[in-house]
1. Sorted from largest down, give the three principal axis spans of the alpha carbons of the range 166-246, whole angstrom values.
2. Sort 5, 309 by Cβ crowding within 10 Å, fewest neighbours at the top.
3. Does the range 264-342 come out rounded, prolate or oblate by the C-alpha gyration tensor, with a ≥ b ≥ c the root eigenvalues, rounded set by a/c under 1.5 and, if not, prolate when a/b is larger than b/c and oblate if not?
4. Can you work out the FRET efficiency for the pair residue 15 and residue 318, with r the C-beta to C-beta distance and R0 = 30 Å, to the nearest 0.05?
5. Could you please rank 17, 38, placing first whichever residue has the fewest other Cβ atoms within 10 Å of its Cβ?
6. With a point put 7 Å past each Cα toward its Cβ, work out how far residue 126 is from residue 521 in nm, to one decimal.
7. Quick one: which of 66-72, 165-171 comes out on top by average Cβ neighbours within 10 Å, and what's the full order, highest first?
8. Normalise the Debye intensity by I(0) for the range 8-265, one equal point scatterer per Cα, no solvent, then take log10 at q = 0.08 Å⁻¹ and round to two decimals.
Ligand code: ATP
Ligand code: MG
Ligand code: MG
């Protein structure tokens with residue numbers, strides 16, 4: 001294994017450390033807005049934020065950027081905590097932007113008093129119309145030069161229960177001609193009457209994300225504020241607000257500039273999927289998926305339910321790396337990382353997903369044998385479990401052919417195959433119904449060919465999996481395909497509903513799993529031999545077993 005080169009983010013951090021910035025202290029944060037569940041894109045940010053803190057003996061805190069009560073709630077907060085722990089990271093403190101509402105309010109008042117902010121009574125549409133374009137200047141609001149006293153009084157009114165949502169906003173008085181659109185008098189506060197998940201009905205107006213995010217980092221003493229590329233144009237705005245804050249607090253000329261250093265990296269985007277929380281919300285609300293944790297969703301809870309391991313997600317993120325260019329990441333790469341990790345972890349069991357009966361005609365009717373099945377051949381110290389063999393078995397329909405071509409190394413009359421962990425059998429024929437469908441296959445076993453006996457050593461090309469008809473359980477198996485039918489739905493002009501893959505879920509209620517597999521619960525990694533990786537679903541019960549297909553096998557043995 002070769003030494004991995006460090007990311008450009010780590011390079012910048014090492015430069016700061018070498019220069020003695022912040023006295024060698026490293027403090028990062030992961031700042032989710034609690035308005036949805038975490039997806040694999042967030043995991044990329046988490047791996048970075050927590051990863052560098054770990055690597056440079058720093059701390060990574062969590063901060064919930066909860067500035068919009070109309071979309072946020074505590075259920076999201078709790079699930080975010082759970083998902084981060086599941087990924088294997090430990091945070092320092094948990095902060096909330098709402099902890100700073102008082103401070104931000106005082107700062108906003110100072111901004112008005114110092115002629116850096118004003119209350120605008122225009123509608124959102126009017127304000128948008130005056131924004132201009134990146135190449136043409138915007139138009140001043142008619143309220144831009146209203147008296148400071150008037151703005152102060154109206155701002156206080158904005159924070160009363162009587163204030164009408166949308167009737168007024170507080171805007172920073174910056175530069176309506178700035179080529180950076182974020183400087184064209186950005187909105188600082190708006191009126192919202194939905195109760196806040198933490199502050200209840202205490203506030204009636206709330207800071208915008210852009211008037212809270214940068215200052216929150218600053219209040220907490222974040223040294224490196226790492227985020228995604230779309231925040232590049234926000235960086236000078238955050239810096240300007242911090243300049244004003246320093247002026248307010250009389251620390252403008254302090255030489256040691258302790259402001260956070262913002263570093264931006266590229267977002268994770270997955271082929272055949274979307275990462276926008278708004279679109280994921282729509283999939284859930286319109287019931288195209290069963291919920292945020294539907295196994296097709298790119299959410300961490302969905303991937304967990306499907307059977308992805310946290311290590312496979314982290315390895316995938318490590319393999320795609322961090323750059324300054326947005327890209328589309330191949331879903332197949334993620335699946336390869338899942339396979340690689342589950343190959344090491346998954347317990348091998350037998351399951352027949354398209355069953356046809358196999359009768360061992362020379363095996364005694366009332367006899368059974370418990371065979372040893374190795375749990376994981378990748379592990380030299382692997383444990384084993386028992387799988388029961390008997391006269392009546394189930395095998396896969398596709399493992400039999402009546403008139404087989406020469407290269408068919410599965411079951412066909414007159415040829416031998418090995419039954420995994422059991423005997424070599426010779427197929428003798430099959431029985432059909434009146435429509436010509438095969439309803440039963442017959443074979444004779446060689447009693448000297450049991451695994452471990454000398455007769456087992458002769459060369460037989462095919463090895464098949466099976467379950468004993470009286471020692472298995474019926475199960476439902478859910479197979480998943482891509483959520484979208486186009487590679488890059490976010491770049492497609494059509495409405496995203498039209499791009500959904502209508503066949504992304506296949507339910508197969510006609511499966512049999514060996515008894516041992518039926519004891520496995522959600523959270524336990526399984527391989528159905530020769531088929532793929534699977535995990536019991538959260539809704540699986542002993543009476544109604546349900547397994548999710550995590551991912552297929554790339555290399556199947558003896559196929
Ligand atoms: P929305 O879809 O509503 O825009 P968001 O992505 O902004 O949601 P946040 O909760 O604000 O969601 O994100 C928290 C952090 O996760 C941010 O710092 C953001 O940069 C990062 N993040 C979000 N999506 C991705 C992604 N696809 N790849 C990498 N980082 C991401
Ligand atoms: Mg956001
Ligand atoms: Mg976003």
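A short reminder: the numbers here are calculations on the coordinates, not readings from a lab. These figures come from a predicted structure and were not determined experimentally. Ideal geometry is used to build each Cβ from the backbone, glycine not excepted, and the neighbour counts take in all protein chains shown.
1. Extents along the principal axes, in whole Å: 35, 32, 26.
2. Ordered by Cβ neighbours within 10 Å, fewest first: 5, 309.
3. Because a/c hits 1.5 or more and a/b fails to exceed b/c, the range 264-342 counts as oblate.
4. Given R0 = 30 Å and the Cβ-Cβ separation, E is 0.85.
5. Arranged by neighbour count, lowest to highest, 17, 38 become 17, 38.
6. 6.1 nm
7. Per-residue Cβ counts within 10 Å, averaged per peptide and sorted highest first, yield 66-72, 165-171.
8. -0.34
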